[in-house]
């Protein structure tokens, strides 16, 4: 366990160094001097977590990042909850061969549809229902419902719920695959039949042996899930006009604000690497148990 932890720590450090090099390469793109010297200077500055200032506003790049962080978390947090609540039951249901044979064509078709198209389809559905998502962003769900405006309450809820649903569905696809793999692998273990012969019931066997395997599978795919959630958040922010960090990143690249773009890129990469690192250690600890 200790050796595995040291190996994963080394991979985590290497990943952070790679993210730092990528951020320095992006940040040096707008330097007036030679690119090589600008890259070396930006790399030394980033090693001190000095991301410079925005070329557009003059504010520190990290301040620009933190100012747009709250809207991004408003999509990420409910999206992650949707991914768990939808992905775990779906993965368990698809663990049986009969259900998997029936659902596999639909899952392959759903996986081939880009997240961008899903977001556009939900925008079209909201327009058909008469929900003005842009106008409802400044409203809140509870006051509208208490005031008797049911349609306004649903529009306000949809303004937050539909973008979060896009993020959650992308994460649920990764979660259900991890749950299905872990459950089917555990079901094929020979000890299940031996434990039944010893008098243990199916529920007790699953509680004692399947649940840790299931949690280990979820933790092992934590980095992949975070990557899917971050990518879907970028799509949702752009489609729904959400003022988060992903939208800020796209605007920064389009307008040549490379310091802000580098700061956002490094933050997202570091967060993904860190989540994957924690998930791998947790999965290994459960495997040892």
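For this structure, a couple of remarks:
- Projecting the alpha carbon convex hull of segment 19-96 along each direction and taking the average yields 7.9 nm².
- Estimated inter-spin distance, residue 282 and residue 66, nm [label 7 Å along Cα→Cβ]: 2.6
- Distance between the modelled labels on residue 255 and residue 185, one decimal in nanometres: 4.7 nm (7 Å Cα→Cβ projection).
- Computed log₁₀ I(q)/I(0) - Debye formula, equal Cα scatterers, no solvent, segment 7-47, q 0.18 Å⁻¹: -0.49
- Annotation for residue 120 and residue 11: the two label points, set 7 Å from Cα along the Cα-Cβ direction, are 3.7 nm apart.
- Spin-label proximity, residue 45 to segment 234-263 - amide N less than 15 Å from point 7 Å beyond Cα toward beta carbon: 257-263
Rule-based calculations on the coordinates, nothing more; no lab input. Please read these numbers as outputs of a predicted model, since none were measured by experiment. Quick reminder, even Gly has a Cβ in these numbers, built from the backbone with ideal geometry, and neighbours come from all protein chains shown.
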